[in-house]
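Worksheet: one structure, shown below.
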Amino acid sequence: MIGPSRLDPDTRGRHRGTQRVMHVKARRSLAAAFSAGLLLLAGCAGDDLSSSGDDSSSASDAGELRISGQSFPEAELVTAMYDLLLTDAGYDTTIKLVDTRDIYMGAGQFPETIDVVPEYVGSLVDFLNTTENGADAKPVTTSDAAESIANVQDLIDEKGFTLLDTSSATDSNAFFVTKEYSEQNDVTKLSDLEGEDVTLAAAPDCKGRPDCEGGLTEVYGIQIEEILPLGFASDQTYQSVLDGESQLGLTSTTDGTLDSQGLVMLEDDKSIQVAQNLVPAVSSDFLDDHPDVEGILNPLMAALTTENLTELNGRVAVDREKPEDVAQDFLEQEGLL
């Protein structure tokens, strides 16, 4: 998945290097501070609670933790979940979301100066394979997440990061047209576009990818005249298709906004998409020093499903709820916070 090149509103555009930085620091709630004050008063009065010492008066300080990832709505939502869980565990987090994977995977970035990244199995495996073996490298991704990871395990080890548990939640690339275009041209699946000349609104790194432009041209025989680098499932991509500037747009299989916008997803009837399960990627050095991160993020992977992820995406994209609020609500409902 691209954004799998899928994980923000208004951060995509025609400039690939745009970055958004936000800093999030753990804060003690007023309620906790008030409770600590009560314990202190009780200790001064000679209550036995005074023997609890400093453990009751200060939150753990696990140190700094740097998160990066891609700036599309779902990735922002999942990043917010990571942040809330890690902040709750005492980490002082910094988040930097960027347009494409090659930015945070570039020299001197992950895992050297970035500790944790929300990832997608298929897109990550494809990136590692083509980066190491060239754009024309034989694909090593499959429909099985574990098999795909095993195919590049040497590259993962060499890069210096570790993949934690994969989630059953999977989110692949998908392509959409307007309902009007679909009805007028009898197009319901990608193979219906064979031989057609189309303009594609997509993420900048769509070109040549077997799950994006490469698969559309080589497997489906669609003539991509131009790729407009407007982003993955971005407002600009939607609008380009709605305005007729593009006939085809790139989104994800968990996009809950299409119907409300008068758009329709086309069936991937020749299966160019591979396993795109969500998975946390963690710097191996950082994980050695902070093994608790595994126990913090793995339960989240177990709780996420394709179904609930689609619902959560809809709350952000359609209902316009803040990703942080949706993430908080989900984590509390699942008993993770």
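So which pairs qualify, if the first residue must be in the range 203-228 and under 20 Å from V274 (Cβ atoms), the second must be part of a strand (DSSP E or B) and among the small types (G, A, S), the Cβ gap must be under 8 Å, and the two must be at least 6 apart or on different chains?
C212/A202; E213/A202
Here's the yes/no breakdown for (1) charged (D, E, K, R); (2) buried (at least 22 other Cβ atoms within 10 Å of the Cβ):
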| residue | (1), (2) |
| --- | --- |
| D136 | yes, no |
| T170 | no, yes |
| S182 | no, no |
| K189 | yes, no |
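Would you point out the residue of the range 245-296, among those that are closer than 30 Å to D92 by Cα and among the aliphatic types (A, V, I, L, M), that is nearest to the chain's Cα centre (by Cα)?
Of everything passing the filter in the range 245-296, L278 is nearest to the chain's Cα centre (by Cα).
Filter the range 244-272 for residues that are out of contact with any Phe, Trp or Tyr (no Cβ under 9 Å at 6 or more places or on another chain), under 21 Å from F72 (Cα atoms) and modelled with pLDDT of 95 or more and give the result.
Matches in the range 244-272: S246, G262.
Consider only pairs whose beta carbons are under 7 Å apart and that are at least six residues apart or on different chains; among these, list those whose first residue lies in the range 236-263 and is farther than 21 Å from S191 by Cα and whose second residue is at pLDDT 95 or above and aromatic (F, W, Y).
Partner pairs satisfying both residue conditions: Q261/Y238.
Name every residue in the range 258-305 that is surrounded by fewer than 17 Cβ atoms within 10 Å (Cβ to Cβ) and either within 27 Å of D192 (Cβ to Cβ) or among the charged types (D, E, K, R) (or both), in order of residue number.
Listed by number, the residues that qualify are D259, S260, G262, E267, D269, K270, S271, D285, D288, D289, D292, E294.
What do you reckon, is D165 of a type in the set (D, E, K, R) and not assigned by TED's automatic domain parsing to the domain that holds S71?
Judged against the criteria, D165 is not a match.
Looking at the range 203-214, is at least one residue under 19 Å from V187 (Cβ atoms) and surrounded by fewer than 24 Cβ atoms within 10 Å (Cβ to Cβ)?
yes
The values are calculated or read from the model by the stated rules, or taken from the named source; none is laboratory data. Model, not experiment: these values are computed from the prediction. For neighbour counting, all protein chains shown are included, and Cβ atoms are generated from backbone atoms with ideal geometry for every residue, glycine included.
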